[in-house]
Each structure stands twice: as C-alpha cells, then as structure tokens.
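First comes the structure, then the notes that go with it.
The values are calculated or read from the model by the stated rules, or taken from the named source; none is laboratory data. Since this is a predicted model, take the numbers as computed values, not measurements. Glycine gets a Cβ as well: all are built from the backbone with ideal geometry, and neighbour counts include every protein chain shown. SASA here: full protein model, heavy atoms, side chains in, ligands and nucleic acids out. Shrake-Rupley method; radii C 1.70, N 1.55, O 1.52, S 1.80 Å.
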Amino acid sequence: MMRCLAVRAAGRRAVSTLAGHMEVSGIGLHTGASVRVVARPAAASEGVYFVRTDLGGEPRIAASLDSVTDTRLSTTLGVGDSAGAASVRTVEHLLAALCGAGVSACRVEIDGPELPLLDGSAAPWVAAILAAGVAQKP
C-alpha cells in the first residue's frame, strides 16, 4: 500500500493531501473498541502518519513498511520499545483509499488502538476522503 503512495509522490513534484478534514467513527473489528478517526491535511514532507491521541505524548506512527509490527489477521503499524510502544491496527482499508485518491500526505488522528471496520471495505473511507477533498501541495 505505501509503495503506491511512494510511487505517486515520486512521479510528480506536487504532493496531494486533504483539502479539509474528515471524521469517521466506528468499532474496531479485532478489539471491539469504539474509535474516532480525524484525518487532516499534512505538509508534503510529512507523508501519511497516524497520531494516537489517546496516549500520552500523542505518539506519531509513520505509514511505512518500517513501521509494520504484525500482519496476523490485519496490518499493525507501531513505534517505540516495549515500555513506550504505540501501535495502530487494521490500517489497510484507509491506506488503500488514500492511495487510490492520490493522497500522499495526511495526518490521521485516532483515539484508540484500531481503525473502525465500517462496512468492511474501503468505500466509506473513499467517500470521506472525497467529501474532505484532495488538494495539491508544492
């Protein structure tokens, strides 16, 4: 998924981000936790990243292959050692939707450990991205 974002960004000078913000809430498939996701525009140099707003210090987790910590049943991205570790799970549908929409820079704030399942597809994420709009950044 992130390869798609890197290829899109490498092929042009401008980077796409959200024109506004989007907000999605729901229940995580694996954790059953209620979660709220707010995605906001980001600077071109920041790429796509997650911020765990429910954790102290609001750790930042890059959406990159280097951040993958687990792939059993879903993809988990994480950062830090065992004492200060932070992760976010079930990121596939949102990352696919961002890639498909051409968004290569985005701050994704999440107040729980897992993105919501929604209807089980990327369609609700795509709809939220299109409602927020996509803008080019130099």
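Annotations for the structure displayed:
- In terms of its Cα atoms, the chain spans 39, 31, 26 Å along the principal axes, sorted from long to short.
- Each other residue within a Cβ distance under 13 Å of PRO113 adds +1 if Lys or Arg and -1 if Asp or Glu, for a net charge of -1.
- Residue-count net charge about VAL79 - beta-carbon cut-off 11 Å; Lys, Arg +1, Asp, Glu -1: 0
- The chain - mean residue ellipticity at 222 nm from DSSP helices (-39,500 (n - 2.57) per run, n ≥ 4, rounded to 500): -6000 deg cm²/dmol
- For the chain, the longest principal axis of the Cα atoms and the long axis of helix 123-132 meet at an angle of about 50 degrees.
- Proximal charge balance of ARG89 [Cβ under 15 Å; K/R count +1, D/E count -1]: -3
- For the chain, the solvent-accessible area of protein heavy atoms averages 49 Å² per residue (probe radius 1.4 Å; ligands and nucleic acids excluded).
- Fraction of accessible area attributable to carbon and sulfur, the chain (%, probe 1.4 Å): 54
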